[in-house]
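For reference, the structure discussed in these notes is given below.
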Amino acid sequence: MNDKEIFFVVKSLGGQGWGGAHRVMGILANYLVAKGYSVTIVVWCDSPIEYPLDERINIECLHCQINRELDMVKPCLMTRKILKKHDNAYLFAFMSRMATYAAIYTIGLSVKVIGSERTDPRTEPHKAPFRWVRNHAFGFLYRTVYQTPDAMAYFPKRAQRNGCVIPNPISPNLPERYQGVRRKEFVAFCRIDKQKNLPMMIDAFCMVHDQYPDYTLKIYGTGLIEEDIRNYIKEKEADSYIFMMGFAKAVHSSIVDAAGFLSSSDYEGLSNSMLEALAIGMPCVCTDCPIGGARMVIHDGINGLLVPVGDCKAMADAIVRIIEEPEFGNKLSVEAEKIKGELDQDAICEKWEKLLYEET
């Protein structure tokens, strides 16, 4: 048994708002407990558990109700009370808000906080005063982790000195690349929220439908604006060929033989869904959005296609190219799959583990 105590703090383990950051947290927690560390996840709100967790992980739910900023005070104080009993423990806090709160409620404790920014820090949190507090709070953390060099470069020098870039890991349990004739279907799987700019994707696919009416688009995922997106599809009279599929646990097996993967985000960290789509050899069309995650792994025209943010015509043209040039699509597929070896799950988790042994 390793003598280091590891804590994670998270608002929820599933439901609305759950996404890629939570999945990476689950992967890391499983890895660390398997290596013999004592691992506890402090969960602020009641929620389903969307990602399978090792039974050796202790889950401590605080059963808080959070509807506004002021409601954060109670779980912050409760988390501090838990951590006071564990001298020199390590606390992983993913996402801006959780890391910023952790910097505050651990003041005076011997806990070492490792905070991680998981999206575009110039855009989230949406309120400028909170971004200012976050930017400076990150400078006082034991370690800070970013998904891309662009994200790290945004922060003050003090935060960068304690910082490093660690990309997301790719699950080893993904299906193998499909090598037959692909179905006439494009897919997206993501958290359904404004950041993903799904109306742009829908507009692009409506253009594609005018040329290729036998192709469909299926959007997998849940989120806060599901109903808005369903209504938008109806407004576009596209509900006969664009479908909202909800959450699917075996999503990769369902989509591996589809014609391609689409991502229309206005901003993004390093999208897990994009990485997984590449890893299973799907031809991918993604927006070249801040904070540089897509261009970090997609070499335009080699292992995927990049299009400008908000440009539905460019996305439509890229989709049509994949439809009309199957040999080109297959070339993208072959090259895309190579990312699986570059972002091996254990190799990435080892980078996180090393942070526990580096002195600031």
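The values are calculated or read from the model by the stated rules, or taken from the named source; none is laboratory data. These numbers were taken from a predicted model, which means no experiment stands behind them. Note that we place each Cβ from the backbone using ideal geometry, even for glycine, and neighbour counts take in every protein chain shown. We work out accessible area using only protein heavy atoms, side chains counted, and drop any ligands, DNA or RNA first. Shrake-Rupley method; radii C 1.70, N 1.55, O 1.52, S 1.80 Å.
Some points to look at:
- Compactness relative to 2.2 N^0.38 Å, alpha carbon Rg of region 31-119: 1.09
- Separation of the Lys194 and Lys35 label points, Cα + 7 Å toward Cβ, nm: 3.9
- Nearest-ten-degree value, helix 345-354 long axis tilted from longest Cα axis of the chain: 30
- Remark: the Cα gyration tensor places region 188-317 in the rounded category, a/c being less than 1.5.
- Using the Cβ-Cβ distance between Asn2 and Lys81 with R0 set to 30 Å, the FRET efficiency from 1/(1 + (r/R0)^6) comes to roughly 0.80.
- If you take the alpha carbon atoms of the chain and fit the smallest convex hull around them, that volume is 128 Å³ per residue.
- FRET efficiency estimate (nearest 0.05) - Cβ-Cβ, Ala153 to Asp311, R0 30 angstrom: 0.75
- Extended-chain gain in nm, criterion 0.36 nm per residue less alpha-carbon gap, His136 and Lys236: 31.6 nm
- Per atom type, the chain shows carbon and sulfur on 51% of its accessible surface, probed at 1.4 Å.
- The stretch between Tyr212 and Gln65, if pulled fully straight at 0.36 nm per residue, gains 48.1 nm over its current Cα-Cα span.
- Normalised contact order of the chain, rounded percent, pairs of Cα under 8 Å and 6 or more residues apart: 15
- Reach of Lys127 by Cα under 20 Å, taken over aspartates and glutamates that are not fewer than 8 positions away in the same chain: Glu69, Asp71, Glu117, Asp193, Asp266, Glu268
- Projected label distance in nm at Tyr51 and Glu325, using a 7 Å step from Cα toward the beta-carbon: 3.6
- From the alpha carbon centroid of region 280-301 to that of region 231-278 is 15 Å.
- Long-range tail of P(r) for region 130-271 (Cα pairs > 25 Å, %): 44
- Under the simplified labelling scheme, the Val73-Glu176 pair shows an inter-label distance of 5.9 nm, with each label point 7 Å from Cα along Cα→Cβ.
- Principal-axis analysis of the Cα atoms of the chain puts helix 198-211 at an angle of about 20° to the longest axis.
- Coordinate range along principal axes, alpha carbons of region 227-303, Å, largest first: 35, 28, 23
- Alpha carbon Rg of region 25-180, scaled by the compact-globule rule 2.2 N^0.38 Å: 1.12
- Relative contact order %, region 210-287, counting alpha carbon pairs below 8 Å whose residues are six or more apart: 28
- Over the chain, dividing the summed -39,500 (n - 2.57) contributions of all DSSP H runs of at least 4 residues by the number of residues returns a 222 nm mean residue ellipticity of -11000 deg cm²/dmol.
- Heavy-atom accessible area order for Asp317, Asp203, largest first, 1.4 Å probe: Asp317, Asp203
- Counting Lys and Arg as +1 and Asp and Glu as -1 over every other residue whose Cβ lies under 10 Å from the Cβ of Glu276, the net charge comes to +2.
- Test item: Cα-centred dipole of region 1-89, Lys/Arg +1 and Asp/Glu -1 on Cβ, debye: 220
- Tensor-based shape of region 86-166 (alpha-carbon gyration tensor, a/c under 1.5 rounded, otherwise prolate or oblate): prolate
- Taken per residue, the accessible surface of the chain reaches 44 Å², heavy atoms only and a 1.4 Å probe.
- Relative contact order [Cα under 8 Å, 6+ residues apart], region 16-155, whole percent: 17
- Near Lys218, the amide H atoms lying under 5 Å from its own belong to Phe186, Val187, Ala188, Phe243; only residues 5 or more places off or on other chains count, and H is placed 1.01 Å from N.
- Remark: region 236-300 carries a charge dipole of roughly 160 debye about the Cα centre, counting +1 on each Lys and Arg Cβ and -1 on each Asp and Glu Cβ.
- Along the axis of the charge dipole computed for region 124-218 (Cβ charges of +1 for Lys and Arg, -1 for Asp and Glu, origin at the Cα centre), the listed residues Val145, His209, Val133 are led at the positive end by Val133.
- When you filter the trypsin sites (Lys or Arg not before Pro) in region 120-159 for DSSP loop state and at most 14 other Cβ atoms inside 10 Å of their Cβ, you are left with Arg122, Lys127.
- The figure for Asp300 is an accessible area of roughly 90 square angstrom, using a 1.4 Å probe on the protein chains alone.
- The angle separating the long axis of helix 312-324 from the principal Cα axis of greatest extent in the chain is about 60 degrees.
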